[in-house]
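The structure appears right after this line, and notes come after that.
The values are calculated or read from the model by the stated rules, or taken from the named source; none is laboratory data. Note that the coordinates shown come from a computational prediction; the quantities given were computed from them, not determined experimentally. Cβ sites come from the backbone with ideal geometry, for glycine too, and all protein chains shown count toward neighbours.
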Amino acid sequence: MNEQTPATIRRPRSDDRPLWDVYWGAYGYFAVHIAHGVGVFTLLANGPQTLDEVCQALGLKRRAAEAVLAVCVSHGLLAFNTSRYALTTVAEDYLLPTSPTYFGSQFDWNLAHPEIITLDRIQRAVLTDQPQAFPGGKPIFSTLEEEMAMAKQFTHAMHSSSMGPATAWPEKIDLSGHHVLLDVGGGSGAHAIGALWQWPHLRGSVLDRLPVCEVAQEYATKYRLTDRLGTHAADMWKEPYPAADLHFYGMIFHDWPAEQCRFLARKSFESLPTGGRIIVHEMLFNHDRTGPFGVAAFNMVMLTYLDGEQYSGREIAGFFSEAGFTDIEVKPTFGYWSIVAGRKP
């Protein structure tokens, strides 16, 4: 009788946690959205709570509540000590509506449009290289032009994710020599607000479509900046820019293909006075466009929503250089965020 030789089985060189993190990740990240939606964070703003107290206050069964709370603790949004759940500083800064850097409206957008974040739509975006977030493969801005209520909701969502970094980048660059900031496609004006807070001599204007400008005016009032921050309703592609010596583009370049980014850089160069500056604020790829993961994942969002993509600092600096800007610099500012700045000679 012939004996079989066992097949060679090699032990993996690393454990399988990275694969499980990917496989289960969507469930975990959705759980944070759900925790926000049912009011976990606003409840715990009143003080630490036991599991039973959370269940009673939110009308949740014990197993479900504990599952959601465990995800929030493991992700650093909640702390657990002596049988009570409490907010961490991350949750206090970003997940309470009373915080000026409240992130929750970004979660609200996803909760209001769950049909967008599906494996099927993302897969279709990859296979077709076309936006798939909205019916007919229309990019988001085409949809927002038709749906004014959605446009305002989207603007609030963008404000929510912008205020944190908007408090940081103005500390990283000297704006003392500038007088008027034009926040191009500025949405809520979050970045103009951050710059005007940091540099009290500055005045600013948010350039965007009329319904969006109405939202920006609301935020200017909220932050008591109406005497220094105005709006300018216009199409950035078709209409001239108003006078300013500082142009800011926050999460604008990544919405568009490279040639349109070059157009915006040239338009700013032609509009700015000598010594004027352009600043682009984005999550930047590394030079090889291979990471970090957060930026690579954001690039998948661009694939699903729009015709644009995340760029590297080198690529945006190239757009600036081609347009004629000099003194170009790339500066990390806050988390994944960076600015790319250039000056008109």
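Observations on the model:
- Residues of the stretch 166-199 classified as surrounded by fewer than 24 Cβ atoms within 10 Å (Cβ to Cβ) and among the hydroxyl-bearing types (Ser, Thr, Tyr), total: 2
- Whichever residue in the stretch 264-290 is free of Cβ contacts under 8 Å to residues at least 60 places away in the same chain and under 16 Å from residue 330 (Cα atoms) and, among such residues, is surrounded by the fewest Cβ atoms within 10 Å (Cβ to Cβ): 288
- Every residue from the stretch 35-57 that is aliphatic (A, V, I, L, M), closer than 30 Å to residue 119 by Cα and either free of Cβ contacts under 8 Å to residues at least 24 places away in the same chain or in contact with a helix residue (DSSP H, G or I) (Cβ under 6 Å, 6 or more places away or on another chain) (or both): 35, 38
- Flag for residue 279 being within 16 Å of the chain's Cα centre (by Cα) and among the hydrophobic types (A, V, I, L, M, F, W, C): no
- Residues that are assigned to a helix (DSSP H, G or I) and crowded, with 16+ Cβ neighbours inside 10 Å, drawn from the stretch 291-313: 295, 298, 299, 301, 302, 303, 304, 305, 313
- Those residues of the stretch 49-78 which are in a loop (DSSP other than H, G, I, E, B) and either aromatic (Phe, Trp, Tyr) or closer than 21 Å to residue 103 by Cα (or both), in sequence order: 75, 76, 77
- Of the residues 194, 185, 177, the single one that is of a type in the set (Gly, Ala, Ser) and in contact with a Pro (Cβ under 6 Å, 6 or more places away or on another chain) is 194.
- Residue that is surrounded by the most Cβ atoms within 10 Å (Cβ to Cβ), among those in the stretch 234-263 that are under 13 Å from residue 184 (Cα atoms) and among the small types (Gly, Ala, Ser): 250
- Selected residue (only one of 219, 311 is under 13 Å from residue 189 (Cα atoms) and at pLDDT 95 or above): 219
- Of all residues making up the stretch 220-240, the number that are assigned to a loop (DSSP other than H, G, I, E, B), in contact with a strand residue (DSSP E or B) (Cβ under 7 Å, 6 or more places away or on another chain) and either under 18 Å from residue 202 (Cα atoms) or not assigned by TED's automatic domain parsing to the domain that holds residue 256 (or both): 1
- Taking the listed residues 278, 316, the one that is touching a Gly at 6+ places or on another chain (Cβ under 6 Å) and of a type in the set (Val, Ile, Thr) is 278, with no other qualifying.
- Residues satisfying the stated conditions in the stretch 170-219, i.e. assigned to a helix (DSSP H, G or I), hydrophobic (A, V, I, L, M, F, W, C) and within 20 Å of the chain's Cα centre (by Cα): 190, 192, 193, 195, 212, 213, 215, 216
- Within the stretch 167-189, the set of residues being of a type in the set (Gly, Ala, Ser) and either under 16 Å from residue 267 (Cβ atoms) or without any contact (Cβ under 8 Å) to a residue 12 or more places away in the chain (or both) comprises 185, 186.
- Filtered residues of the stretch 253-281 (kept if under 17 Å from residue 321 (Cβ atoms), assigned to a strand (DSSP E or B) and of a type outside the set (Val, Ile, Thr)): 277
- On the stretch given as the stretch 319-340, residues that are over 16 Å from residue 270 (Cα atoms) and either under 19 Å from the mean Cα position of the chain (by Cα) or crowded, with 16+ Cβ neighbours inside 10 Å (or both) total 12.
- Residue in the stretch 5-25 that is modelled with pLDDT of 95 or more and surrounded by 12 or more Cβ atoms within 10 Å (Cβ to Cβ) present: no
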